[in-house]
1. Return a yes/no flag: does region 88-98 have any residue that is modelled with pLDDT under 95, buried (at least 16 other Cβ atoms within 10 Å of the Cβ) and touching a Leu at 6+ places or on another chain (Cβ under 6 Å).
2. In region 26-50, how many residues are of a type outside the set (Ser, Thr, Tyr), out of contact with any Asp or Glu (no Cβ under 6 Å at 6 or more places or on another chain) and in a helix (DSSP H, G or I)?
3. Tell me, which strands (runs of 3 or more DSSP E) lie completely within region 312-427 with 3 or more residues that are of a type in the set (Val, Ile, Thr)?
4. For region 51-110, which positions are assigned to a helix (DSSP H, G or I), in contact with an Asp or Glu (Cβ under 7 Å, 6 or more places away or on another chain) and aliphatic (A, V, I, L, M)?
5. Among what's in region 340-367 and is surrounded by fewer than 19 Cβ atoms within 10 Å (Cβ to Cβ) and modelled with pLDDT under 95, pick the residue that is farthest from Thr418 (Cα to Cα).
6. Just wondering, is there one or more residues in region 285-296 that are in the same structural domain as Ile319 (by TED's automatic domain parsing), within 30 Å of Asp165 (Cβ to Cβ) and among the hydroxyl-bearing types (Ser, Thr, Tyr)?
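The values are calculated or read from the model by the stated rules, or taken from the named source; none is laboratory data. Computed from a predicted model, the values in this text were never measured in an experiment. Positions of Cβ are backbone-derived with ideal geometry, glycine not excepted, and every protein chain shown enters the neighbour counts.
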Amino acid sequence: MSGGGRSWIALPGTALRGAATVPGDKSISHRAVMLGALADGRSRIDGFLEGEDTRATAAIFARLGVRIETPTPSTRIVHGVGVDGLRPTAEVLDCGNAGTGMRLLAGLLAGQSFDSVLVGDASLSKRPMRRVIDPLARMGASIDAQDGGLPPLRIHGGGALRGIDFAGEVASAQVKSAVLLAGLYAEGETSVREPHPTRDYTERMLSAFGVEIEYAPGFARLRGGQRLRAHDVAVPADFSSAAFFLVAASIVPGSELRLRAVGLNPRRTGLLAALRAMGADIREENAATRAGEAVADLVVRHAPLHGIEVPEALVPDMIDEFPALMAAAACAQGATVIRGAAELRVKESDRLAAMSAGLQALGIEVEESPDGAVVQGGALRGGRIDSLGDHRIAMAFAAAAQRAGGEVRIDDVDNVATSFPGFDALAREAGFGLRAG
């Protein structure tokens, strides 16, 4: 089994000790650039994630006429042009690997007076966009895609959008956000109702930028025609990036690791609840608020984990963390049962299939189902894993390998830079056994 690009060799290191700061939250970084660009005035973003995905979003707005300065690493000064100030470009707008970027931009660009073309890398070009295109079409948007609703997306501007009351069949913060961003340009009110509550970063940030928006878990509503006011944003550390360190410190004997100022949006921290139910020892200290979001230091100590039946109510709140959860499940005593997670099959890879195959290659018994899996904890052996170019798969196996009986070669890790540049260096500093392959 072999993928392209660079590889890692992961193997047990030392106990994870000390303190670490993971990069800024990817979801908030995307949204801060977008709303800063649409605002009237100058917004400063501190803690901006210097990842390929978020840089791609910033580069797109630069092409659309927004001046964005980088005075220091992880800082952006966005000189907003107002909701009606974006300028057309003849260039295609490259979202790279960023599904968040493409889906949110589809909603935002649907309301412009000009045409746009959104493209992505090979992985993003296989991800379904029909779930965004359909509600936007109901609002009056005209968006062409490839067969199956795949990118590139050709967005025809100049049409009049109208507000809708959208009841989504799939719980997706990206779809909700796309509809709300289009709603800024629509006549009348736009509302979104979800089958399960999803993360509310867009709602919180729209409010911070001066938009009158009503929201509660599973519901959001705003009226079109509002202007945004510039707002400074301090981005919390990304919980999804912290997840791999939470798992590794939980499973490696002797570990005690502090992760500083991690964002704890309640619609994002399902993994925290699941790990605690499995017996993890994770404390919250130094609680504060940053960019309207709860943050705290997470102090995690090694603890024996046991399998659980993951409550389906937690699934929407941990959709990006299932690779980390499955790594933890592989090192737990007994079976961990996952259901209601079919969404994992349409992420950067089919994450259920990729994690199941990888764990089986390392000697773990996994029974896969259409919407989940049963992972039987056991002793991991060495082996070779193809991460399929999926950053979260690569990092999850780097964490799991800290308890393996031999070397684990993880292929195709280049895309880790999309969300967590410098992961391998920070992991080694914390105690991981991890080197270039």
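1. Yes, region 88-98 has at least one match.
2. So the count comes out to 10.
3. 335-338
4. Residue satisfying the conditions is Ala56 alone.
5. So the residue we want is Gly340.
6. no
Here's the yes/no breakdown for (1) surrounded by 21 or more Cβ atoms within 10 Å (Cβ to Cβ); (2) touching a residue at least 60 places away in the same chain (Cβ under 8 Å):
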position: Trp8; (1), (2): yes, yes
position: Asp25; (1), (2): yes, yes
position: Ser29; (1), (2): yes, yes
position: Ala39; (1), (2): yes, yes
position: Thr54; (1), (2): yes, no
position: Ile60; (1), (2): yes, no
position: Val66; (1), (2): yes, no
position: Gly82; (1), (2): no, yes
